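I have placed the structure first, in the form of structure tokens, so that the comments after it can refer back to it.
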Amino acid sequence: MSRIGRLPIAVPKGVAVNVKEGEVSVKGPKGELIRLFNKDLGIAIKDDVLTVSRPSESREHRSLHGLTRTLLANMVEGVSKGYERSLEVVGVGFRVEKQADKVMLRVGFSHLVEVVPMPGVKLEVEGTNRIKVIGIDKEVVGEMAARIRGLRPPDAYKGKGIRYVGETVRLKPGKAGKAVGKE
């Protein structure tokens with residue numbers, strides 16, 4: 001049996017879960033999320049505990065069991081606490097500016113790069129070099145953060161670019177490191 005799929009999901013106070021034929025809606029203080037799941041899997045709520053069960057030991061049902069449980073847990077956590085990814089812009093002259101709901105990036109191009117948030121995501125700017133991506137859907141928050149990072153990924157030689165806060169960038173030695181080893 002799936003170790004992750006068997007784990008029950010505790011539903012916190014203030015969060016309402018509604019299950020109808022494979023469609024699950026989770027409503028909480030931060031908002032509401034609705035998602036369709038495979039109708040073969042049993043999703044039940046009893047005494048503020050959400051459980052997922054599978055009908056058989058087939059490969060498809062086993063693979064969907066843990067996935068469904070994890071997606072449900074992410075929905076419950078998203079509507080109760082929310083999700084956040086932080087990015088930092090590193091480099092001389094690299095800056096971040098907020099204009100209305102958009103974010104303008106100066107990241108070494110000849111023009112400003114305008115970032116429009118995806119639906120369900122809010123972008124915040126801290127100082128001149130930090131961006132916070134905030135939302136209730138973990139997938140959308142991660143996708144938006146990855147798109148922003150993809151605009152200017154960290155350079156392998158100097159480390160300039162957009163990176164996640166806490167991400168370590170391994171720098172290559174460059175030409176000087178190559179010459180030293182030849183002696």
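Would you calculate the convex hull of the Cα atoms in the chain and tell me its volume per residue in Å³?
Convex hull of Cα atoms, per residue: 175 Å³.
Calculate how steeply helix 138-151 sits against the longest principal axis of the alpha-carbon atoms of the chain, using the helix alpha-carbon long axis, and give the answer as 0 to 90 degrees to the nearest 10.
Approximately 20 degrees, to the nearest 10.
From Cα pairs below 8 angstrom and at least 6 apart in sequence, can you work out the relative contact order of the chain, rounded to a whole percent?
17
Convex hull over the Cα atoms of the stretch 83-164, averaged projected area in nm²? Provide the component values of the computation, followed by the final result.
Working: hull surface 20.1 nm².
Average projection, Cα convex hull of the stretch 83-164: 5.0 nm².
What lysines could a cross-link reach from Lys122, if we take a straight Cα to Cα line under 21 Å and drop same-chain neighbours fewer than 8 places away?
Those lysines meeting the cut-off are Lys27, Lys30, Lys81, Lys98, Lys102, Lys132, Lys138.
Report, in whole Å, the centroid distance computed from the Cα atoms of the stretch 108-168 and the stretch 28-102.
20
What are the semi-axes of the equivalent ellipsoid of the stretch 3-80, taken as the square roots of 5 times the eigenvalues of the Cα gyration tensor, listed largest first and rounded to whole Å? Intermediate values should be presented prior to the final figure.
Numbers: eigenvalues 91, 29, 22 Å².
Value: 21, 12, 10 Å, ordered largest first.
Counting helices only, and only those DSSP H runs with n ≥ 4, report the 222 nm mean residue ellipticity of the chain as the sum of -39,500 (n - 2.57) divided by its residues, in deg cm²/dmol to the nearest 500.
Numbers: 4 runs with 46 residues, N = 183.
It lands at -7500 deg cm²/dmol.
Convert each backbone phi in the stretch 62-67 into a coupling constant with the Karplus relation 6.51 cos²θ - 1.76 cosθ + 1.60 (shift: θ = phi - 60°), then list the ³J(HN,Hα) values in order as whole Hz, x for Gly and Pro.
5, 6, 7, 4, x, 4
I need to check one value: relative contact order of the stretch 83-164, counting alpha carbon pairs closer than 8 Å and at least 6 residues apart, in percent.
Values: 166 pairs, mean separation 28.7, N = 82.
Answer for the stretch 83-164 is 35 percent.
Given +1 on the Cβ of Lys and Arg, -1 on the Cβ of Asp and Glu, and no further charges, what dipole in debye does the chain carry about its Cα centre, rounded to the nearest 20? Before the final figure, lay out each step's value.
Details: 34 positive and 22 negative charges, 160 e Å.
For the chain, the charge dipole is close to 760 debye.
For a Förster distance of 30 Å, can you work out the FRET efficiency between the beta-carbons of Ala156 and Ser110, rounded to the nearest 0.05?
On the way: r = 22 Å, r/R0 = 0.75.
Working from the Cβ atoms, E equals 0.85.
Each value in this text was obtained by applying a stated rule to the coordinates, not by laboratory testing. This structure is a prediction, so every number in the text was calculated from the model and none was measured. Note that each Cβ is placed from the backbone with ideal geometry, even for glycine, and that neighbours are counted across all protein chains shown.
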